[in-house]
Amino acid sequence: MHLLQSVILLGVLAVQALAQLSTYESFLQAASEWPPGPGAELVPQQPDDELTAMMAEIDPARIQAIITQLVAFGTRNTMSNQTDPLRGIGAARDWIASEMRTFAATSGGRMTVSVPSYLQTPSGSIIQNTVISNVVATLRGSTDPNRIYVVSGHYDSRVSSVTNFVDDSPGADDDASGVAVAMELARQSQASLSFSSDLTLVTPNNAGEEQGLFGSAFMAAGLKNMSADVQGMLNNDIVGSSTADDNTTDPFNIRMFTQGIPSTETLSEITSRVDIGAENDSPIRQLGRFVVEVASNAVTQMNVQMVYRPDRFLRGGDHLSFIDQGYPAVRFTEPHENFAHQHQDVRVVNGVQFGDLVEFCDFDFNARVARVNGVALWSLAQAPGTPKGLTMDTSVLTNNSTLKWTGDPKAAGYEVVWRASEGCVLDACDPGGQCDEYDRAAVEGQCAVWRTCGGRKWV
Ligand SMILES: [Zn+2]
């Protein structure tokens with residue numbers, strides 16, 4: 001072969017190789033970027049100075065004091081004594097109400113405390129006539145009071161037998177830890193003007209949870225009967241320990257359980273949901289994604305781990321009562337539980353301590369969970385509520401999807417955010433400005449939602 005021909009041939013081979021490399025790199029790039037879409041990479045909203053200062057006020061020492069006091073009432077079984085000032089669930093109820101009233105006293109009239117109660121006749125694990133009482137602090141909004149967010153824990157406790165209302169039942173982690181979250185946020189929120197101007201924040205401490213979610217069912221049904229627009233409910237239940245049953249610790253993760261299809265949907269609603277593949281897009285999951293975005297950061301020092309289940313297997317909690325009324329609700333629970341410390345008689349077996357004792361609590365961890373709740377609620381409070389009349393037009397065969405909603409005239413604007421349909425959390429956004437219609441290509445492969453926050457404030 002002539003030398004010049006050889007050089008030319010080599011050159012052709014090199015060009016071919018380069019062309020193949022370029023095709024392969026393009027393939028890799030396309031694979032990594034699919035699905036393509038408009039908008040910019042989503043940058044999680046960060047707490048501002050006011051919120052950072054507020055969250056620094058959440059105090060592990062106060063959480064320790066709350067849990068220690070609740071444990072000191074001996075038992076908080078729902079059927080235990082309700083009139084003894086020192087022992088039983090009645091003493092715990094009155095102490096929580098008294099503490100909350102001291103918060104309300106400095107709120108300038110914005111916070112009120114109530115103890116709604118009813119008589120539960122024997123049913124399920126309630127074996128005798130029992131007054132069920134919730135202790136509720138309400139920070140009422142002035143401009144949009146019917147928009148409600150709820151943060152809760154349950155103050156009743158149990159041992160091995162759910163009907164044993166005599167023996168000591170400390171319930172430090174389950175669920176004095178959740179009550180401590182609700183009480184700390186009641187104290188914090190009434191001190192912040194930015195919490196109260198628009199919406200209503202309700203911090204209940206429910207009873208009768210262990211026998212069948214009685215207190216929360218009573219509360220959620222009451223809110224529904226009042227046509228209350230509960231746009232988010234955060235249940236804190238077993239949020240007080242970062243140590244697993246094998247003694248490993250996981251102090252910077254918190255699980256958040258999020259149900260998929262709401263239990264109130266009709267068969268035709270479920271059929272529509274399945275038809276468009278929206279099984280993963282329920283208001284409950286969208287609330288969860290909002291919490292992940294705003295509350296996993298340096299201020300909370302927590303990673304919020306969303307779990308695609310209503311609760312742990314064989315377990316339930318007060319959020320389910322709200323879901324049963326059609327409200328979006330999620331549950332926070334520590335990342336690894338120790339079942340020797342829950343629902344157990346206090347005893348030592350073969351050198352192993354059983355029982356839900358205060359010595360097993362991690363108050364710094366518990367405080368970080370309270371900050372996750374606080375950051376989420378504050379962020380919701382800074383923005384307009386859930387958009388109403390939301391529709392996606394699927395009537396025309398097109399590469400575009402048109403989204404419509406009824407805008408709130410007080411809102412500065414909306415931004416549409418989305419994720420890949422198989423993605424867990426949101427990853428892109430497009431500031432929409434003052435609009436109530438959105439029409440973009442490539443939404444079909446993705447799941448658009450409306451973020452009513454993103455640092456956007458009321459005007
Ligand atoms: Zn519990």
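The values are calculated or read from the model by the stated rules, or taken from the named source; none is laboratory data. As the structure is a prediction and not an experimental result, all values here were calculated from the model. Please note: Cβ atoms are built from the backbone with ideal geometry, for glycine as well, and neighbour counts cover all protein chains shown.
Of note:
- Boolean, residue 330 is surrounded by fewer than 24 Cβ atoms within 10 Å (Cβ to Cβ) and either within 17 Å of residue 240 (Cβ to Cβ) or of a type outside the set (Ser, Thr, Tyr) (or both): no
- The requirement of being within 30 Å of residue 65 (Cα to Cα), in contact with a strand residue (DSSP E or B) (Cβ under 7 Å, 6 or more places away or on another chain) and surrounded by 13 or more Cβ atoms within 10 Å (Cβ to Cβ) is fulfilled nowhere in the stretch 387-400; no residue meets it.
- Subset of the stretch 225-240 [part of a strand (DSSP E or B) and crowded, with 20+ Cβ neighbours inside 10 Å]: 230, 232, 233, 234, 235, 236
- None of 217, 221 is of a type in the set (A, V, I, L, M), surrounded by fewer than 24 Cβ atoms within 10 Å (Cβ to Cβ) and within 16 Å of the ligand (Cβ to nearest atom) except 217.
- Between 208, 222, the distinction of being assigned to a loop (DSSP other than H, G, I, E, B) and within 22 Å of the chain's Cα centre (by Cα) belongs to 208 only.
- Residue identified as over 19 Å from residue 392 (Cα atoms) and either touching a residue at least 24 places away in the same chain (Cβ under 8 Å) or of a type in the set (S, T, N, Q) (or both) among 320, 314: 320
- Cβ pairs under 6 Å, 6+ apart, first in the stretch 253-282 and in contact (Cβ under 8 Å) with a residue 12 or more places away in the chain and more than 13 Å from residue 326 (Cα to Cα), second hydroxyl-bearing (Ser, Thr, Tyr) and not in a helix (DSSP H, G or I): 255/333
- Restricting the stretch 331-347 to residues that are under 16 Å from residue 256 (Cα atoms) and more than 15 Å from the ligand (Cβ to nearest atom), the residue that is modelled with the highest pLDDT: 335
Results for (1) within 26 Å of the chain's Cα centre (by Cα); (2) within 16 Å of the ligand (Cβ to nearest atom); (3) modelled with pLDDT of 95 or more; (4) buried (at least 21 other Cβ atoms within 10 Å of the Cβ), shown as yes or no for each residue.
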{"site": "114", "(1), (2), (3), (4)": "yes, no, yes, no"}
{"site": "128", "(1), (2), (3), (4)": "no, no, yes, no"}
{"site": "132", "(1), (2), (3), (4)": "yes, yes, yes, yes"}
{"site": "142", "(1), (2), (3), (4)": "yes, no, no, no"}
{"site": "146", "(1), (2), (3), (4)": "yes, no, no, no"}
{"site": "154", "(1), (2), (3), (4)": "yes, yes, yes, yes"}
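- Test result for residue 303, within 27 Å of residue 242 (Cβ to Cβ) and in contact with a helix residue (DSSP H, G or I) (Cβ under 8 Å, 6 or more places away or on another chain): no
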